[in-house]
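The structure under discussion appears below in the form of structure tokens.
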Amino acid sequence: MTKLYFDNPKGIVLIDGVRAQNCFALDKSDFCIQYIPFDNEYKPITYAVDKRLISTDEVFIIKHCGCIVLKFCPRKKYVYEDCYFQKTLKIDETIHILSCKAERVHTITLETQNEIFHLPLFAKANNISLKGCKISGGQLILIKANIGKKTYVAVIHYDDDYTLVMSFLCDKTYIDNGKIVAEDFLYDCLQRKCVRVLRFSDNAFIEESRHFEYDCYINYPDELIPYVLLESICAKDEDMIQRYLSATISEDDLKTLLGDFVGICDCIEYRPYRVNLIYADSSGFYTKTFAFEVYGGKVNYVNCV
């Protein structure tokens, strides 16, 4: 005969409908265990046994010296939709409160004692931060949230009420002397990072400056120069366009020839000095192939083939 022991149950244990104490003598292979938690927040457990005991997520079974110990792990019955995440920000004498549902963040609420502002998000966010500073004509508030592998940024101007000035996705951002610095990692041949400085002026942001930093600035072989040039065009990196473009072909002529391509196709068989570009129209996507002539690390001639 096997004995069942119950590991400190916080509820009532029934064996085939009969209440069991801390120990129960087991003399059959088929029976039903029911566990009713004292705490009404947790779900009751029904565990049917057919010849053998097997652990589950809710019933953990330990076999020791011919005895069996059962530990019950019930799940919560209720999911609290009103579980809130909150942060506060004080600028001068104004206190801003950011709040959102911690379990499912799709809307962020920002409020003072007199004003309230709802910021709807397009996807679930986490790691939300709230920062701000005083500027001429009010206050500047920066909300950041991780969405996937990107950082979602919302810039809000406050002067008696809230105004969403702009929102965007980037890899990294911060406030520097009342200006927004946004950084994007492009993951291209040059491992390019685009750094933009945005300044608030006349209730809007203007791009004060833009520059690129490079983590992989090396002398690429001529075969790869077309890719480096095309990636520079995609990034609007004028310095690198001029760096890899010969004086025999103008930038305007090159952009007219290439047109508005939406990407570089690298899934087709590689052929030296030939690159497939992706285009889009109302019918869908299509490709064009361009042949490049490269001498001394610069593109001298491009032709559509």
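Just so it is clear, none of the values below were taken in a lab; they were calculated from the coordinates. Nothing here was measured: the structure is a model prediction, and the numbers come from that model. We place every Cβ from the backbone using ideal geometry, glycine too, and count neighbours over all the protein chains shown.
Numbers below:
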read-out	value
Loop sites in segment 25-67: trypsin sites (Lys or Arg not before Pro), DSSP, at most 11 other Cβ within 10 Å	Lys28, Lys51, Arg52
Under 28 Å from Lys76, Cα to Cα: lysines that are on another chain or at least 8 residues apart	Lys10, Lys43, Lys63, Lys87, Lys101, Lys124
Over segment 2-72, relative contact order from alpha-carbon pairs under 8 Å, at least 6 apart, %	35 percent
Highest-fluctuation residue, Ile95, Ile62, Ile264 considered, GNM on the chain with Cα pairs under 10 Å	Ile62
Gain on full stretching of the segment that runs from Tyr187 to Lys28 - 0.36 nm per residue minus C-alpha separation	50.7 nm
Paramagnetic reach from Val262 (point 7 Å along Cα→Cβ, amide N under 15 Å) across segment 273-305	277-288
Nearest 10 degrees, 0 to 90: helix 225-235 Cα axis against the chain principal axis	70 degrees
Charge sum, other residues only, whose C-beta stays under 14 Å from Asp7's C-beta, Lys/Arg counted +1 and Asp/Glu -1	+3
Net lengthening on full extension, Met166/Ala102 (0.36 nm per residue, minus Cα-Cα)	20.6 nm
Relative contact order of segment 222-304, defined on C-alpha pairs under 8 angstrom at six or more residues apart (%)	32 percent
Inter-part distance where segment 201-263 and segment 31-109 are each reduced to a Cα centre, Å	53 Å
For the chain: relative contact order, % (alpha-carbon pairs under 8 angstrom, 6 or more apart)	7 percent
Cross-link reach list, lysines versus Lys288, counting only Cα pairs under 29 Å and skipping chain neighbours closer than eight places	Lys193, Lys236, Lys255, Lys298
Loop-exposed GluC sites (Glu not before Pro) per DSSP, neighbour cap 13 Cβ within 10 angstrom, longest uninterrupted part of the chain	116-268
Per-peptide average of other Cβ atoms within 10 Å, ordering 277-283, 12-18 highest first	12-18, 277-283
Global geometry of segment 158-305, whether rounded, prolate or oblate, following the gyration tensor of its Cα atoms and the 1.5 cut on a/c	prolate
Burial ordering of Val299, Val305, fewest other beta-carbon atoms within 10 Å first	Val305, Val299
